[in-house]
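Participant: Have a look at the structure that comes next, please.
The values are calculated or read from the model by the stated rules, or taken from the named source; none is laboratory data. Computed from a predicted structure; not experimentally measured. Using ideal geometry, Cβ is built from the backbone for each residue, glycine included, and neighbour counts are taken over all protein chains shown.
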């Protein structure tokens, strides 16, 4: 198995890196993993896309879930893991970033939008399902006071929905095609903060010809780094970032 120095050397030698990120990369920014104890799916049931379209009660339930933790999402800041991906792009090494996350922290860290595929959409915008008008989430959430009705579009009266992919909703075809294309181009495919359990996104690391290495620094590698006294930093993504300079 590669040690961090060997891994960093491979990155230094390549200009064709693809990064795949999951919820674990954002936990150090204060955003809980959905499935972990205390996460959103331990406190709310998933509302399917079909329910959301057909039921006012389901829409209200979904917006109540959105209210829970919105301030945490809104105020979250990128951490060193997000800046590591930005550093790869700044050095001309990044083909693209594929993320399962909806928090927008990679954009906040400076990764260009044309280098990001958000497989599950984004919670930093709200869309009208009828006319496609886009809203700032804060603008919509400020309406949700007391015994509220689900928000509707000011222009056409259509249903408003967070621009995230719900259970039962089709994955975005263009995003999936772009992610597959990047995967096939990659010499190195780095996985950060994902257990690779959610399909179809989890199939990407094995879907191309990439010589990829698992850098799950918020999981096993992070724990290894903290146990090993040779690692003076508690974050091995910081060690990798320093090593590729």
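Participant: What pairs can you find where one residue is in the range 71-89 and free of Cβ contacts under 8 Å to residues at least 40 places away in the same chain and in the same structural domain as residue 188 (by TED's automatic domain parsing), the other is in a helix (DSSP H, G or I) and surrounded by 21 or more Cβ atoms within 10 Å (Cβ to Cβ), and their Cβ atoms are less than 9 Å apart, with a gap of 6+ or different chains?
Facilitator: Close Cβ pairs satisfying both conditions: 86/106.
Participant: Within the range 103-112, can one find any residue that is assigned by TED's automatic domain parsing to the domain that holds residue 20, buried (at least 21 other Cβ atoms within 10 Å of the Cβ) and not in a loop (DSSP other than H, G, I, E, B)?
Facilitator: yes
Participant: Moving on to the next point. Need pairs with beta-carbon distance below 8 Å; first residue farther than 20 Å from residue 92 by Cα and in the same structural domain as residue 191 (by TED's automatic domain parsing) and within the range 1-24, second crowded, with 16+ Cβ neighbours inside 10 Å and modelled with pLDDT of 90 or more; sequence gap 6+ or separate chains.
Facilitator: Cβ pairs passing all conditions: 22/99; 22/100; 22/101; 23/100; 23/101.
Participant: So residue 65 passes all but one of these: (1) surrounded by fewer than 15 Cβ atoms within 10 Å (Cβ to Cβ); (2) touching a helix residue (DSSP H, G or I) at 6+ places or on another chain (Cβ under 8 Å). Which condition number does it fail?
Facilitator: (1)
Participant: Restricting attention to the range 29-44, which residues are modelled with pLDDT under 75 and either farther than 24 Å from residue 159 by Cα or touching a strand residue (DSSP E or B) at 6+ places or on another chain (Cβ under 7 Å) (or both)? If you could, list the steps in order and put the result at the bottom.
Facilitator: Pass one, the range 29-44, residues modelled with pLDDT under 75: 33-44.
Selection gives 33, 34, 35, 36, 37, 38, 39, 42, 43.
Participant: Can you find, within the range 113-163, the residue that is modelled with the lowest pLDDT among those that are over 22 Å from the mean Cα position of the chain (by Cα) and on the phi > 0 side of the Ramachandran plot?
Facilitator: 146
Participant: Checking residue 197 against (1) modelled with pLDDT of 50 or more; (2) in a loop (DSSP other than H, G, I, E, B); (3) touching a helix residue (DSSP H, G or I) at 6+ places or on another chain (Cβ under 7 Å), which single condition isn't satisfied?
Facilitator: Answer for residue 197: the failing condition is (3).
Participant: Of these, 130, 93, which one is without any contact (Cβ under 8 Å) to a residue 40 or more places away in the chain and surrounded by fewer than 22 Cβ atoms within 10 Å (Cβ to Cβ)? Step through it out loud before you land on a result.
Facilitator: Details: 93 fails: without any contact (Cβ under 8 Å) to a residue 40 or more places away in the chain.
Exactly one of 130, 93 is without any contact (Cβ under 8 Å) to a residue 40 or more places away in the chain and surrounded by fewer than 22 Cβ atoms within 10 Å (Cβ to Cβ), namely 130.
Participant: Sort through 47, 18 and tell me the only one that's in a loop (DSSP other than H, G, I, E, B) and at pLDDT 90 or above.
Facilitator: Numbers: 18 fails: in a loop (DSSP other than H, G, I, E, B).
Among 47, 18, only 47 is in a loop (DSSP other than H, G, I, E, B) and at pLDDT 90 or above.
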